[in-house]
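Everything on this sheet refers to the single structure shown next.
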Amino acid sequence: MSEFLSASGNAQGDAQRDPQCRAHGPARRGPHGAASKTVGSSGCSADELVAAARERSLKVRLVLLTVVVLSACCAYLFTSINMKFFEYAMSIRIPKLTAMVLAAICIGGASLIFQSLINNYIVTPCLLGMNALYLVLHTLMVFLFGMGSFVITSKNLAFAADLILMGSVAVVLYNWLFVKTRYNVLYVLLIGTVMTTFFTSIQTTMVRSMDPNDYDALLVTLVASFTSVNADVLLMSGVLMVVLTAIFYRRLKLLNVITLGRSNAISLGVDYEGTLRWLLLYVTLMIAIATALVGPVSFMGLITTNLARQMFPTFRHNILITGTILVSLAILIAGQALIERVFVYSIPVSVFITTGGGIYFLYLVLRATRRSI
């Protein structure tokens with residue numbers, strides 16, 4: 001059944017027939033019984049030839065982007081390195097690159113899925129207050145236990161506490177929010193903006209009452225950075241990501257059908273509301289993993305998902321998700337290399353991503369407004 005639903009979802013504008021047409025196959029009939037026009041000796045129709053060319057173009061772009069990203073990974077690992085300290089350099093750079101890969105998969109994939117679920121390409125989980133939720137929960141832990149407590153100094157325990165708190169609170173809060181608003185994008189954005197302000201106000205209040213030494217140490221952990229990645233939690237993050245993807249895999253295969261709309265998905269036998277809730281749960285947990293690992297990266301998903309949609313004009317989510325992850329990884333590697341080689345760690349990479357993402361968000365809004373006029 002899932003194979004049938006996936007095939008039906010691929011029919012949303014760019015599902016392709018087999019490009020290898022039979023040389024002397026039966027003539028296809030048009031809407032009035034007339035044989036459709038064929039092109040070339042292969043007997044393929046013009047539409048099939050265009051579809052085959054489009055399919056090849058998508059695959060070529062995906063391969064080229066993969067080559068570019070792999071080249072960037074190799075360049076990041078092996079350039080500007082003293083061979084006398086090769087092992088030491090690898091012990092620092094490999095965990096950073098692994099964290100960037102995990103963050104790219106979690107943020108890029110989750111953002112694209114989220115946009116497809118609510119059918120809006122300029123909305124990402126960070127606009128719903130998830131980053132502000134992380135800030136207030138992490139600040140609350142320091143406020144209650146202190147920066148010198150075992151809960152905070154133990155990086156593994158701190159990661160687990162951040163992940164459990166953010167994951168559980170976000171699942172309950174945002175599931176209730178989407179159900180109450182009936183997945184209305186405007187209401188969700190409005191309430192997300194209010195919650196962001198609310199969480200920020202609570203965090204500011206706690207910071208003002210906090211010990212100055214604790215605040216100085218806390219401030220470093222509130223900004224996304226790949227400079228001081230805890231290698232011990234990378235394996236835990238990777239395992240959680242793989243387990244979650246395996247659990248939700250059957251529902252992820254229904255994304256092509258879900259994007260057809262509620263009525264079409266239900267007519268194809270899909271439990272639309274249930275699938276939507278489970279996939280939103282998956283998105284929330286993936287964002288929680290990425291945020292607990294490297295900190296909040298605002299606008300990262302907005303940039304990468306829209307760039308991937310421009311590079312890969314298709315509705316097939318296996319290509320879109322792969323392209324988004326590759327674009328995310330390319331941006332993170334370029335940003336981290338710029339931080340290390342040019343600015344010498346004086347500025348965190350999140351500053352560039354947030355600044356560029358804010359400008360890109362305004363561009364998307366203005367472009368959408370211009371089209372609607």
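Observations
- Degrees, to the nearest 10: 212-221 long Cα axis against longest axis of the chain: 20 degrees
- The mean of 1/r over all distinct Cα pairs in the stretch 102-227, once inverted, gives the Kirkwood hydrodynamic radius of 15.8 Å.
- Relative to the longest principal axis of the Cα atoms of the chain, the long axis of helix 130-145 makes an angle of roughly 20 degrees.
- Taking Cα atoms only, the orientation of helix 272-294 departs from the longest principal axis of the chain by about 40 degrees.
- In terms of Cα atoms, the Rg and Dmax of the chain work out to 23.3, 82 Å.
- Mean Cβ neighbour count within 10 Å, used as a protection proxy, ranking 324-335, 140-151 highest first: 324-335, 140-151
- Stokes-Einstein translational diffusion, the stretch 225-335 - Kirkwood Rh over all Cα pairs, 1.002 mPa s, 20 °C, in µm²/s: 137 µm²/s
- Listed residues Leu255, Ser201, Ser237: farthest to the positive end of the dipole of the stretch 123-259 (Cβ charges): Leu255
Bear in mind these aren't lab numbers, they're just calculated from the coordinates by the rules spelled out. Here the structure is a predicted model, which is why all the values come from computation and not from measurement. Backbone-built Cβ (ideal geometry, glycine too); neighbour counts: all protein chains shown.
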